[in-house]
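K.L.:
Questions regarding the structure given below will be posed in turn.
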Amino acid sequence: MFKVKYFEAIRTAAVIVIALIIAFLIISLVSDQPVKTIGIFLLEPLSTKGHIGNVIEMAIPLMFTGLAVSLLFRANMFNLGAEGIFYFSGVVASVLAIHLSLGGWLHPLAAIAAGSIAGALLSAIPGILKAKWNANELVTSLMFNNILFGVGLYLLNYHLRDAKAFANVSFKFEKTAQLSKLFAGTRIHTGLIIVLVLIVLAHLFLYRTKWGYELRMTGANREFARYSGMKTAKVIILVHLIAGFIAGMGGSVEVLGMYSRFQWTSLPGYGLDGALVAMLAKNNPLSVIASALFLAYIRIGADLMARLSDVPSEMISIIQAVIILLISAEQFLKFWKNRMLLKEAKEA
Amino acid sequence: MANALLEMRGITKVYPNGVVANKNVEFSLREGEIHAIAGENGAGKSTLMKIMFGMEEPSDGEIYIRGDKVKLQSPQDAIDRGIGMVHQHFMLVPSFTVAENMVLGMEPRKGVGFDYSEAVRLTEETARKYNLAVNPKAKVEDLTVGMKQKVEILKALVRGAQILILDEPTAVLTPQETEELFHELQQLKEQGHTIVFISHKLKEVKAICDRITIMRGGRSEGVFQISEVSEQEISRLMVGRDVVLKYEKDKTSPGKPVLAVDRLGVTDSLGKALLSEVSFSVREGQIVGIAGVEGNGQTQLVEALTGGLRGVSASGSVLVQGTDIRDADILDIRGLGVSYIPEDRMRQGSAGEASIADNLISTRYRSKDMNKGPFLNGSKIAALAASLVEEFKVRCSGPQQPIGMLSGGNMQKVVVARECSTNPQLLIAEQPTRGVDIGAAQFIHRKLLELRSDHCAIVLVSADLNEILELSDSLLVMYEGQIVAYFDQPSAVSEEELGLYMLGIHRQDKEQTGRAVNHV
């Protein structure tokens, strides 16, 4: 018999199943060949080495931002600033990738370090505003996304833009700055190793160190943390620094791993997707791996479906919307939990 | 039953955190009676009342009013059916007048505007009808607790309540105010109202009720005619054994003073004095009790002792072990050996979603022996948590269970375990047994006495007079932010006498209260 303690896991699984069923219903209505289309959506991402590569490539930035947002959510900070930081750190890393000449692995290292530090410092601003003056971090971080995008776009247009190119893109990166590929035939780059190491470190930090303990307690009940003698303002600033660092590193790694020029003229959306990843992962660093892979899988599935069938890839946003809606709806399946509780209580 | 006004059958309530508050409870109410629901804290009385008033939906079971099956999904449903409730914590808007509070949500109108004079008239009329004197134009924040309760009762009556539920109405009243309330309830009964009276004070139940339903551990232990059961029998049914709140206290000779409060004054941002000229000292191995009706400065005093003086306009001094803690933060104060059992275990005392172990280490996770290099020492923490859970008899599935799943009493034991196990020099215990069952309360009391034997200085702030009279070595009474009485033999003081001081009717002179400062 199912136990109440597995409720959250079951609920997440149920949400995903419901979202997929809705997707299938929509596909059946829209497509002339629904069975074939669903087959493409579900199986095509896993069919070839290249497609699996696509899934993992897409999962890398999602893991970065998902991890950053998980830590923020864990501290009960509803901060969605990973978006702007991801973008702006990409710009910072690009500057170094274009203008610096360094040997071998030092070049990407320097560029990624610069992007990460820039991310940490920028992220600290909403953190300080929250810790010192209780400014709502959701509002400040969303406004920061706009500011960072504006400044980043300005830098691209007026300082980095390659006039010889036919699009609004930067000069080419130095070859030395780009991250090497891990597997032939795919674009999976060393960023995968970086993010997996980072996730393990974050896990150890969160559950095994006293700073992680302070973070968890502050998130669980800030009043309790303060009463116990913790300096919660410092904790809040620290988690913003760490999350900004991770999101910034994600932007830098993405730019150097996947592109040869900086070419984002709009926000890439990975920051907000990170919030979805974090929600699916229940803010657990290790679970971020699976939830980022899942999201990447249905994204690639939708892309392939758009290419190979008559259903557009925008359909995927419906699935995402359903997932977010149901996961964040606390009452969803509550009646079922209550019934289980009643049953357990009667048996006891 | 022919004349059952309200009946509840097979009521079971399980809260989302797994706490079973009611288990297959039967309850029936006859027209025109005063029906007591007695039981310890946590026995499920309040939950049953919340279900009766539509604030909680039962997980299972049925409710009948005059034989009709009803579903009460909101308090409005209950009000529509003539049920009114006076909550333990008053639901009044402090900055509004009595009349404005009376008509809240059913305001009389004049054109598009609010007809204040009609509200006043309605209040006066209702007050006269039920013989409950209130001043309609007084602001609620200026009223005494007893008056506020009257307003609450009137509020229910003006909405047409035939059944009146009073949730522990005497908890906040002095003995004198309690008597007045009983008189009023008798009058209401004579006018045909039915009253449900929730209490765990047996004397009161005996004094005023016709029948009694006794609850224990979420179950109903039966219904009795009040004349047919003795206090002893009721108490045995309530706790399953005879209660003796008597403790053998070691003879200790108090040592040097640990806490010295000297002419402490605190004013709020509007310049209103919350504390004035508060002076007392607490010595090693001494329990100093602080009694008083809630809201007479105890909260501010406890704040001042636990790090709330920063950024507050205060005069005087608070010395812990000779160190002025005025500018100290909480970490510094805890570093001086101060522990604090907070009044509100949910808001301050624990982090509900975190494990019992995490909750136990929150004040000592920094210490060397809890860490190994950069990491927390998992096995040490597990061992500590396991031994504290065992020592304090916390009923749980293990130290990794989230603390929010525990019952109030067990949650409080975790808080007490944390605060008592760090070898404190000074313990501030604020309502340490509020809302916990008698077994846990006795356990906590023994722990406090153990600490006292180990030369810990203890400040005990409590609204439970029995507890404070029994445990304290000396006793202070607070009224309107001042110390109005000092007793060096609390066990010789009667509750009635204490009541007179708590109500501000009597007060001792400076010389007598000055004895609260007793340096060696």
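K.L.:
Tell me, yes or no, whether the range B:83-94 has at least one residue that is farther than 30 Å from residue B:38 by Cα, part of a helix (DSSP H, G or I) and either among the hydrophobic types (A, V, I, L, M, F, W, C) or out of contact with any Leu (no Cβ under 7 Å at 6 or more places or on another chain) (or both). Reasoning before the result, please.
P.N.:
Let us first name the residues in the range B:83-94 that are farther than 30 Å from residue B:38 by Cα, namely B:94.
Subsequent filtering for residues that are part of a helix (DSSP H, G or I) retains none.
For the range B:83-94, residues farther than 30 Å from residue B:38 by Cα, part of a helix (DSSP H, G or I) and either among the hydrophobic types (A, V, I, L, M, F, W, C) or out of contact with any Leu (no Cβ under 7 Å at 6 or more places or on another chain) (or both): absent.
Results for (1) assigned by the TED database to the domain that holds residue A:284; (2) over 19 Å from residue A:126 (Cβ atoms), shown as yes or no for each residue.
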site	(1), (2)
A:14	no, yes
A:40	no, yes
A:43	no, yes
A:61	yes, yes
A:65	yes, no
A:90	yes, yes
A:93	yes, yes
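K.L.:
If I filter the range A:215-224 for residues that are of a type in the set (D, E, K, R), closer than 30 Å to residue B:306 by Cβ and away from chain B (no Cβ under 14 Å), do I get at least one hit?
P.N.:
First pass over the range A:215-224, keeping only residues of a type in the set (D, E, K, R): A:216, A:222-223.
Checking which are closer than 30 Å to residue B:306 by Cβ leaves us with A:216, A:222-223.
If we keep only those that are away from chain B (no Cβ under 14 Å) too, we end up with none.
No - not one qualifying residue is present in the range A:215-224.
K.L.:
Among the helices (runs of 4 or more DSSP H) contained in the range B:408-514, which hold 1 or more residues that are among the hydrophobic types (A, V, I, L, M, F, W, C) and over 25 Å from residue B:320 (Cβ atoms)? Break it down stepwise before answering.
P.N.:
On the way: elements: B:408-420, B:438-453, B:465-471, B:495-502, B:510-513.
The helices (runs of 4 or more DSSP H) meeting that bar are B:408-420, B:438-453, B:465-471, B:495-502.
K.L.:
Additional query: Has the range B:245-258 got at least one residue that is at pLDDT 90 or above, under 28 Å from residue B:515 (Cα atoms) and assigned to a strand (DSSP E or B)?
P.N.:
yes
K.L.:
Which residue out of A:201, A:192, A:179 is closer than 30 Å to residue B:381 by Cα and under 22 Å from the mean Cα position of the chain (by Cα)?
P.N.:
On the way: A:192 fails: closer than 30 Å to residue B:381 by Cα; A:179 fails: closer than 30 Å to residue B:381 by Cα.
Step by step, each of A:201, A:192, A:179 is checked, and only A:201 is closer than 30 Å to residue B:381 by Cα and under 22 Å from the mean Cα position of the chain (by Cα).
K.L.:
Pull up the range B:296-310, narrow it to residues that are modelled with pLDDT under 90 and either basic (Lys, Arg) or closer than 16 Å to residue A:226 by Cα (or both), then point me to the one that is surrounded by the fewest Cβ atoms within 10 Å (Cβ to Cβ).
P.N.:
B:310
K.L.:
Kindly indicate whether residue A:251 is small (Gly, Ala, Ser) and either within 18 Å of the chain's Cα centre (by Cα) or within 14 Å of chain B (Cβ to nearest Cβ) (or both). Quick ask: steps written out before the conclusion?
P.N.:
Values: small (Gly, Ala, Ser): yes; either within 18 Å of the chain's Cα centre (by Cα) or within 14 Å of chain B (Cβ to nearest Cβ) (or both): yes.
When the stated conditions are applied, residue A:251 passes them.
K.L.:
So in the range B:104-133, with the set limited to residues that are within 21 Å of residue B:184 (Cβ to Cβ) and among the small types (Gly, Ala, Ser), which one is modelled with the lowest pLDDT?
P.N.:
Going through the qualifying residues, I end up with B:133.
K.L.:
Out of B:234, B:195, B:214, report the one residue that is touching a residue at least 12 places away in the same chain (Cβ under 8 Å), assigned to a helix (DSSP H, G or I), in contact with a strand residue (DSSP E or B) (Cβ under 7 Å, 6 or more places away or on another chain) and crowded, with 20+ Cβ neighbours inside 10 Å.
P.N.:
Details: B:195 fails: assigned to a helix (DSSP H, G or I); B:214 fails: assigned to a helix (DSSP H, G or I).
B:234 is the lone residue from the list that is touching a residue at least 12 places away in the same chain (Cβ under 8 Å), assigned to a helix (DSSP H, G or I), in contact with a strand residue (DSSP E or B) (Cβ under 7 Å, 6 or more places away or on another chain) and crowded, with 20+ Cβ neighbours inside 10 Å.
K.L.:
Given (1) at pLDDT 90 or above; (2) under 20 Å from residue B:513 (Cα atoms); (3) among the hydrophobic types (A, V, I, L, M, F, W, C), identify the lone condition not met by residue B:320.
P.N.:
Only one criterion is unmet by residue B:320, namely (2).
K.L.:
Please indicate, with yes or no, whether at least one residue in the range A:329-337 is more than 14 Å from every other protein chain (Cβ to nearest Cβ) and not in a loop (DSSP other than H, G, I, E, B). Walk me through how you get there before you give the answer.
P.N.:
Let us first name the residues in the range A:329-337 that are more than 14 Å from every other protein chain (Cβ to nearest Cβ), namely A:329.
Applying the additional criterion that residues be not in a loop (DSSP other than H, G, I, E, B) yields none.
No; the residues of the range A:329-337 include none that is more than 14 Å from every other protein chain (Cβ to nearest Cβ) and not in a loop (DSSP other than H, G, I, E, B).
K.L.:
Here are some conditions: (1) within 14 Å of chain A (Cβ to nearest Cβ); (2) closer than 28 Å to residue B:201 by Cα. Residue B:52 meets all but one. Which one does it not meet?
P.N.:
The number of the failed condition is (1).
K.L.:
May I ask you to list pairs of residues, at least six apart or on different chains, whose Cβ atoms are under 6 Å apart, with the first in the range A:184-198 being in the same structural domain as residue A:109 (by the TED database) and the second being in a loop (DSSP other than H, G, I, E, B) and buried (at least 19 other Cβ atoms within 10 Å of the Cβ)?
P.N.:
Going by the 6 Å Cβ cut-off, the qualifying pairs are A:189/A:179; A:190/A:179; A:191/A:179.
K.L.:
Taking the condition hydrophobic (A, V, I, L, M, F, W, C), in contact (Cβ under 8 Å) with a residue 12 or more places away in the chain and not in a helix (DSSP H, G or I), does residue A:165 pass? Talk me through it step by step, then tell me what you get.
P.N.:
Numbers: hydrophobic (A, V, I, L, M, F, W, C): yes; in contact (Cβ under 8 Å) with a residue 12 or more places away in the chain: yes; not in a helix (DSSP H, G or I): yes.
When the stated conditions are applied, residue A:165 passes them.
K.L.:
Could you tell me which residue of the range B:313-335 is farthest from residue B:272 (Cα to Cα), considering only residues that are surrounded by 19 or more Cβ atoms within 10 Å (Cβ to Cβ) and within 14 Å of chain A (Cβ to nearest Cβ)? So that I can check it myself, show each step before the final result.
P.N.:
Our first condition is that a residue be surrounded by 19 or more Cβ atoms within 10 Å (Cβ to Cβ); within the range B:313-335, this holds for B:314, B:318, B:320, B:325, B:328, B:330, B:333-334.
Subset that is within 14 Å of chain A (Cβ to nearest Cβ): B:325, B:328, B:330, B:333-334.
Details: B:325: 23, B:328: 24, B:330: 25, B:333: 27, B:334: 29 Å.
Looking at the filtered set, the residue picked out is B:334.
K.L.:
While we're here: Could you list, in sequence order, all residues of the range B:337-352 that are facing another protein chain (nearest Cβ under 10 Å), in a loop (DSSP other than H, G, I, E, B) and at pLDDT 90 or above?
P.N.:
Answer for the range B:337-352, where residues must be facing another protein chain (nearest Cβ under 10 Å), in a loop (DSSP other than H, G, I, E, B) and at pLDDT 90 or above: B:342, B:350, B:351.
K.L.:
Okay, next question. With respect to residue A:200, determine if the residue is away from every other protein chain (no Cβ under 14 Å), of a type in the set (Val, Ile, Thr) and either assigned to a helix (DSSP H, G or I) or crowded, with 21+ Cβ neighbours inside 10 Å (or both). First the steps, then the outcome.
P.N.:
Details: away from every other protein chain (no Cβ under 14 Å): no; of a type in the set (Val, Ile, Thr): yes; either assigned to a helix (DSSP H, G or I) or crowded, with 21+ Cβ neighbours inside 10 Å (or both): yes.
Answer is no for this residue.
K.L.:
I'd like the full set of residues that are of a type in the set (Gly, Ala, Ser), assigned to a helix (DSSP H, G or I), out of contact with any Leu (no Cβ under 7 Å at 6 or more places or on another chain) and crowded, with 24+ Cβ neighbours inside 10 Å, limited to the range A:273-301. Lay out the reasoning, then the answer.
P.N.:
Here is the first cut: in the range A:273-301, the residues of a type in the set (Gly, Ala, Ser) are A:274-275, A:278, A:281, A:287, A:290-292, A:296, A:301.
Okay, now just the ones that are also assigned to a helix (DSSP H, G or I), so A:274-275, A:278, A:287, A:290-292, A:296, A:301.
Going one step further and asking which of them are out of contact with any Leu (no Cβ under 7 Å at 6 or more places or on another chain), we end up with A:278, A:287, A:290.
Once the filter is applied, which keeps residues that are of a type in the set (Gly, Ala, Ser), assigned to a helix (DSSP H, G or I), out of contact with any Leu (no Cβ under 7 Å at 6 or more places or on another chain) and crowded, with 24+ Cβ neighbours inside 10 Å, the range A:273-301 yields only A:278.
K.L.:
From B:11, B:37, grab the single residue that is within 30 Å of residue B:147 (Cβ to Cβ) and either within 14 Å of chain A (Cβ to nearest Cβ) or in contact with a Ser or Thr (Cβ under 6 Å, 6 or more places away or on another chain) (or both). First the steps, then the outcome.
P.N.:
On the way: B:11 fails: within 30 Å of residue B:147 (Cβ to Cβ).
Testing whether each residue is within 30 Å of residue B:147 (Cβ to Cβ) and either within 14 Å of chain A (Cβ to nearest Cβ) or in contact with a Ser or Thr (Cβ under 6 Å, 6 or more places away or on another chain) (or both) leaves just B:37.
K.L.:
Check the range B:390-406 and report whether any residue there is surrounded by fewer than 22 Cβ atoms within 10 Å (Cβ to Cβ), on the phi > 0 side of the Ramachandran plot, out of contact with any Pro (no Cβ under 8 Å at 6 or more places or on another chain) and part of a loop (DSSP other than H, G, I, E, B).
P.N.:
yes
K.L.:
Exactly one of (1) without any contact (Cβ under 8 Å) to a residue 12 or more places away in the chain; (2) within 14 Å of another protein chain (Cβ to nearest Cβ) is unmet by residue A:290. Its number?
P.N.:
Going through the list (1) without any contact (Cβ under 8 Å) to a residue 12 or more places away in the chain; (2) within 14 Å of another protein chain (Cβ to nearest Cβ), residue A:290 breaks only (2).
K.L.:
How many of the residues making up the range A:164-214 are touching a strand residue (DSSP E or B) at 6+ places or on another chain (Cβ under 8 Å) and of a type in the set (Gly, Ala, Ser)?
P.N.:
3
K.L.:
Return the residues of the range B:355-389 that are within 10 Å of another protein chain (Cβ to nearest Cβ), surrounded by 15 or more Cβ atoms within 10 Å (Cβ to Cβ) and in a helix (DSSP H, G or I); say none if nothing qualifies.
P.N.:
B:358, B:359, B:370, B:381
K.L.:
While we're looking at this one, here's another question. Looking only at the range A:37-60, how many residues end up being free of Cβ contacts under 8 Å to residues at least 40 places away in the same chain and among the β-branched types (Val, Ile, Thr)?
P.N.:
Adding up the residues that qualify gives 2.
K.L.:
Please work out if residue A:256 is assigned by the TED database to the domain that holds residue A:90, part of a helix (DSSP H, G or I), in contact (Cβ under 8 Å) with a residue 12 or more places away in the chain and closer than 12 Å to residue A:90 by Cβ.
P.N.:
yes
K.L.:
Ok, one more. Among the residues in the range B:411-433, are any modelled with pLDDT under 85 and under 21 Å from the mean Cα position of the chain (by Cα)?
P.N.:
no
The values are calculated or read from the model by the stated rules, or taken from the named source; none is laboratory data. These numbers were taken from a predicted model, which means no experiment stands behind them. Here Cβ is always computed from backbone atoms with ideal geometry, including for glycine, and neighbour counts include all displayed protein chains.
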